[in-house]
Amino acid sequence: MPDMSVLRHYLLDALMSRRDIQAMHTLAPLSRSFTPWTPMALRPSGMVVLLNEIVIHDRWQVVELGGGVSTLFFARLMRERGRGHLITIEHDELWARQLSKFIDQEGLAERVTIVHAPLAPCSSGFGGASSWYRADVVEQALIGVQIQLLLVDGPHAHDRATRHARYPAVPVLFRRMSNSGFAIALDDIGRHGERQILRRWEQEFALHFERRYLSGSLALARTDKGYTV
């Protein structure tokens, strides 16, 4: 008899892959140049969810924790709309420099600020130690900013030792969120650590996250009313 858990895994993967293929067609107008899409990058279907959020809810001040393919697509959309600015917080200095080169090559520098913020020890929020972006660097980068969309896709949290590394994002940045309404997205919710983080954020900040396992394995919470696409 086949292992049902294995079958469910393959079925879920097939459904997600189908969504990603559909998403790539949607993203085509913003893909005029080659985009380096690595296995660790945000999935195409998740990218579409976030770009929908920007357009439908007019999120023009965006902050992302962990830069990558999302940095390019956010910036391209903002250039096309003639509105918006992205602040990308990245802990890896070499990758931050590479992202800056991509941004410069596409003439997107006026839409993006890339901030190198090294990791520093902090509380995981779950009774243990962890690492998160240096708070003083993040604070300096966000002076005067009211975040309308926050994407939490970093730091890396791929093993047991780092599985709660993304928890500090909301406790640290919640006071920076826009008073007129905002959205928060968390990537990689197929992992146990991220699901635990979601539950804590919901309890502590009265948020409700929609779990989109088939759309990029992404969770999205919104404080203002409006369409969900």
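The values are calculated or read from the model by the stated rules, or taken from the named source; none is laboratory data. All values derive from a computational prediction rather than experimental measurement. We place every Cβ from the backbone using ideal geometry, glycine too, and count neighbours over all the protein chains shown. Heads up: the accessible areas ignore ligands, DNA and RNA and are worked out on the full protein's heavy atoms, side chains in. Shrake-Rupley method; radii C 1.70, N 1.55, O 1.52, S 1.80 Å.
Annotations for the structure displayed:
- Ellipsoid fit via the Cα gyration tensor, region 9-129: semi-axes of 23, 22, 15 Å, each the root of five times an eigenvalue, largest first.
- Applying 0.36 nm per residue to the separation of His208 and Asp58 and subtracting their alpha-carbon distance, the gain on full extension is 52.0 nm.
- Around the amide H of Ile147, modelled in the peptide plane, lie the amide H atoms of Met177, Ser178, all under 5 Å away and 5 or more residues distant in sequence or on another chain.
- Part-to-part distance (alpha-carbon centres) for region 96-122 and region 130-184, which is given in Å: 16 Å
- Long-range amide H partners of Ala117 with built H, under 5 Å: Glu90, His91
- Region 52-182: relative contact order in percent, alpha carbon pairs under 8 Å with at least 6 residues between: 26 percent
- Multiplying the residue separation of His85 and Ala135 by 0.36 nm and removing their Cα-Cα distance gives an extension gain of 15.9 nm.
- Exposure rule at most 13 other beta-carbon atoms within 10 Å, DSSP loop trypsin sites (Lys or Arg not before Pro): the chain longest free segment: 84-224
- Rg of the Cα atoms in region 124-208, relative to 2.2 N^0.38 Å, amounts to 1.07.
- Computed over region 111-165: relative contact order in percent, which uses C-alpha pairs under 8 Å that are six or more apart: 31 percent
- Mean residue ellipticity, 222 nm, helices only, the chain: the sum of -39500 (n - 2.57) across DSSP H runs of n ≥ 4, divided by residue count and rounded to 500, is -12500 deg cm²/dmol.
- As a size descriptor, the averaged projected area of the C-alpha convex hull of region 53-209 was calculated at 9.0 nm².
- Membrane-span-like helices in the chain, defined here as complete DSSP H runs extending at least 15 Å along the helix axis by their C-alpha atoms with mean Kyte-Doolittle hydropathy no lower than 0.5, are 44-57; this is a sequence and geometry rule, not a statement about a membrane.
- Of the residues Ala157, Ala141, Ser130, the one whose Cα sits farthest towards the positive end of the charge dipole of region 104-193 is Ser130 (charges of +1 on Lys and Arg Cβ, -1 on Asp and Glu Cβ, taken about the Cα centre).
- Over the chain, relative contact order from alpha-carbon pairs under 8 Å, at least 6 apart, %: 19 percent
- The GluC sites (Glu not before Pro) found in region 178-229 include none that occupy coil by DSSP while having at most 14 further C-beta atoms within 10 Å.
- For the chain, the solvent-accessible area of protein heavy atoms averages 50 Å² per residue (probe radius 1.4 Å; ligands and nucleic acids excluded).
- Counting protein heavy atoms only, the chain has 55 percent of its accessible area on carbon and sulfur, 1.4 angstrom probe.
- For region 68-127, the normalised intensity computed at q = 0.29 Å⁻¹ comes to -1.21 (log10 of I(q)/I(0), Debye sum over alpha carbons, equal scatterers, no solvent).
- Gain in span if fully extended, Phe126 to Thr113, counting 0.36 nm per residue against the direct Cα distance: 1.5 nm
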